[in-house]
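Visitor: The structure under discussion is supplied below as structure tokens; questions concerning it will follow.
Read the figures in this text as sums done on the coordinates, not as results from a lab. Because the structure is predicted, anything quoted here is derived from the model rather than measured. A quick note on method: Cβ atoms are made from the backbone with ideal geometry, for glycine too, and the neighbour counts reach across all protein chains shown.
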Amino acid sequence: MKLSKPQLDALLAALGSGGGQVGERYVKLREKLVDFFLWNRSNRPQEDADESMDRLAKRIAEGEPVINLASYAQKIARLVLLESNARSRREAAFSQFSVTIAPARSQEEGDEKTLDRLEPCLRKLPADSRALIVEYYSGKGAALIETRRQMAIRLGVTANTLRNRALRVRRELEECIAGHAGDVQ
Amino acid sequence: MNAPMDDKQLREYLLGGLTPEERGQIEHRIFEDDDFADFLREREADLLDGFTSGTLNEEDRRRFAALASNPAWAAKLAVSQWIATQSAGAPFARATRTTPWWLGWAAALVATVVAGWMMEENARLRTAKTRPSPAPRFASLSLVAGNQRGGSDQTLAISASSEVLRVEVPVEGGYQAYELNVEREVAASFTIPIERRGEIGVGWVPVAMLPPGRYDFLLKGRREGAEKLLATYSVRVESR
């Protein structure tokens, strides 16, 4: 499904009604949807998130009274997940009767493809961003907590800001590798 | 952010546990609260990094492996693996086509699972467990219908340079987890987890655990705490 301009405008207006930057709120909602589908074992979290955003926009444009956008998005996501899971089950059942290329080779090729994407994505990532996530996510237990505390002091930011920065860099790198974004910041 | 939920509960959520109602409550918080969503993402990163570094306990590792076998996790695993190699000071060397990049940690995970059994076996595996590079050489075994127990053996010739055996086995759906029990005549048996990838399952066995001899490989599925034997295979291991 492709959104018409009135549908997209309706979604952006609804996102803007909560204050803050509309673009940022759009991105955050989509990221939450992707995570929701991933954490619920969807095979295609990106596509399911896009489908949810499209349905959300369509319903709002049709005049559906939406009091709480976040809660409404969650309900739509739950429906899309049910449909996505049913489709995956149908495809799995169908594939049992199909002649396919050896799955092991497909998996290996998939690993190779992931690796092919890692290197250029790392090259696009600024050196300080690379260093940031390596330092932030290295170690464990008390040592990790202390490392992060020292990083926050050194960079002059709060622990929350540092965490969000590390999460953002990591996510951008993951999305670049997955092929869902052209560049990393 | 509202009062944080129990960390253990969030971990359960990420591992695919909890009741639908409990999952719904957490998801409600995710959609309502940006900080909470970020907090949960950080827990996810911790789990990923624990998985790739082999520091998760066996139960969590098994559950996370089932989730991470989904291709949608490939990019996350790649980043986690890269961070692990960087923090260890090792160059992120590209493996050859015959040695997938994730083989190092896959072997490490196997070593973790069977650590108890292996304690007196050899120190070589312990080295492999903590060494991300170079990736160990591996052998491969594809179990197919027709060599069930009692029938003719499938022969596996393993070269002396192989360190890890990759086992592929057809799996049927409908189970939460799969495992392969490896039994040898007059010797202790051991079990490895099987990750489902579509119609096949994949598991890893340190070659040191497979001295020449005759083995029975028992594929089992687990659903709601109950275990079911799905298939048996007879395999004769020979040195090459």
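Visitor: Using the per-residue mean of other Cβ atoms lying within 10 Å as a proxy for protection, in what order, highest first, do the peptides A:53-65, A:165-177 fall?
Guide: Most protected by this proxy first, the peptides run A:165-177, A:53-65.
Visitor: In addition: Karplus couplings for the range A:163-174 from phi (6.51 cos²θ - 1.76 cosθ + 1.60, θ = phi - 60°), rounded to Hz, Gly and Pro as x?
Guide: Ordered by residue, 3J(HN,Hα) equals 4, 5, 5, 5, 4, 5, 5, 4, 5, 5, 5, 4 Hz.
Visitor: Go through the range B:160-240 and name the GluC sites (Glu not before Pro) that are in a DSSP coil and have 13 or fewer other Cβ atoms within 10 Å of their Cβ. Display every interim value, and only then the final one.
Guide: Working: sites: B:Glu163, B:Glu168, B:Glu172, B:Glu179, B:Glu183, B:Glu185, B:Glu195, B:Glu199, B:Glu224, B:Glu227, B:Glu238; in loops: B:Glu163, B:Glu172, B:Glu185, B:Glu199, B:Glu224.
Listed in order of number, the matching sites are B:Glu185, B:Glu224.
Visitor: Report, in debye and to the nearest 20, how large the dipole of the range B:176-223 comes out about its Cα centre when Lys and Arg carry +1 and Asp and Glu carry -1 on their Cβ. Could the numbers behind the result be given before it?
Guide: Numbers: 7 positive and 6 negative charges, 33 e Å.
Here the range B:176-223 has a charge dipole of around 160 debye.
Visitor: Follow-up question, since we're still on this one. How well do other chains shield peptide B:66-77, expressed as the mean number of their Cβ atoms within 10 Å of each residue Cβ?
Guide: Values: counts 1, 3, 0, 1, 6, 9, 12, 4, 10, 13, 7, 4.
Mean inter-chain Cβ contacts per residue within 10 Å come to 6.
Visitor: Here's something else I'd like to know. I'd like the mean, over residues of A:38-50, of how many other protein chain beta carbons sit within 10 Å of each residue's own Cβ.
Guide: Working: counts 7, 12, 4, 5, 2, 3, 3, 3, 1, 1, 1, 0, 0.
Mean inter-chain Cβ contacts per residue within 10 Å come to 3.
Visitor: Let me confirm one metric for peptide A:125-136, namely the mean number of other chain beta-carbon atoms within 10 Å of its residues' beta-carbons. Provide the component values of the computation, followed by the final result.
Guide: Values: counts 0, 0, 0, 0, 0, 3, 1, 0, 6, 6, 3, 4.
Rounded to a whole number, the mean comes out at 2.
Visitor: Around A:Lys2, with a cut-off of 13 angstrom between Cβ atoms, what is the net charge of the other residues, counting Lys and Arg +1 and Asp and Glu -1?
Guide: Working: positive: A:Lys5, A:Arg55, A:Lys58; negative: A:Asp50, A:Glu51, A:Asp54.
Spelling it out: positives minus negatives among the neighbours equals 0.
Visitor: Determine the sum of side-chain charges near A:Pro45: Lys and Arg each +1, Asp and Glu each -1, restricted to other residues whose C-beta is under 12 angstrom from that of A:Pro45. Walk me through the numbers on the way to the answer.
Guide: Details: positive: A:Arg30, A:Lys32, A:Arg41, A:Arg44, B:Lys76; negative: A:Glu31, A:Asp35, A:Glu47, A:Asp48, A:Asp50, A:Glu51, A:Glu174, A:Glu175.
Overall, the nearby charge balance is -3.
Visitor: While we're here: Report Rg(Cα)/(2.2 N^0.38 Å) for the range B:34-87, keeping two decimals. Provide the component values of the computation, followed by the final result.
Guide: Values: Rg = 11.3 Å, N = 54, 2.2 N^0.38 = 10.0 Å.
So the range B:34-87 has a normalised radius of gyration of 1.13.
Visitor: Hey, can you grab everything whose amide H is under 5 Å from the amide H of B:Ser140? Only 5+ residues off in sequence or another chain; H modelled, so Pro and N-termini drop out.
Guide: Residues meeting the amide H criterion: B:Arg166.
Visitor: Which peptide among A:23-34, B:72-83, A:78-89 comes first, and what is the full order, when sorted by highest mean count of other Cβ atoms within 10 Å?
Guide: Numbers: A:23-34: 17.9, B:72-83: 22.8, A:78-89: 14.7.
Answer by packing, highest mean first, reads B:72-83, A:23-34, A:78-89.
Visitor: Another one. Apply the Karplus curve 6.51 cos²θ - 1.76 cosθ + 1.60, θ = phi - 60°, to the phi angles in the range A:35-48 and return the couplings in whole Hz, x for Gly and Pro.
Guide: After applying 6.51 cos²θ - 1.76 cosθ + 1.60, I find 5, 4, 5, 5, 6, 10, 6, 5, 7, 9, x, 5, 5, 5 Hz.
Visitor: When Lys and Arg each count +1 and Asp and Glu each count -1, what net charge do the other residues less than 12 Å away from A:Arg78, Cβ to Cβ, add up to?
Guide: On the way: positive: A:Arg55, A:Lys75, B:Arg23; negative: A:Asp48, A:Glu83, B:Glu27.
Net local charge, A:Arg78 excluded: 0.
Visitor: Also, quick follow-up: Which far-off residues, 5 or more places away or on another chain, put their amide H under 5 Å from the one on B:Gln176, with H placed in the peptide plane?
Guide: B:Arg222, B:Arg223, B:Glu224
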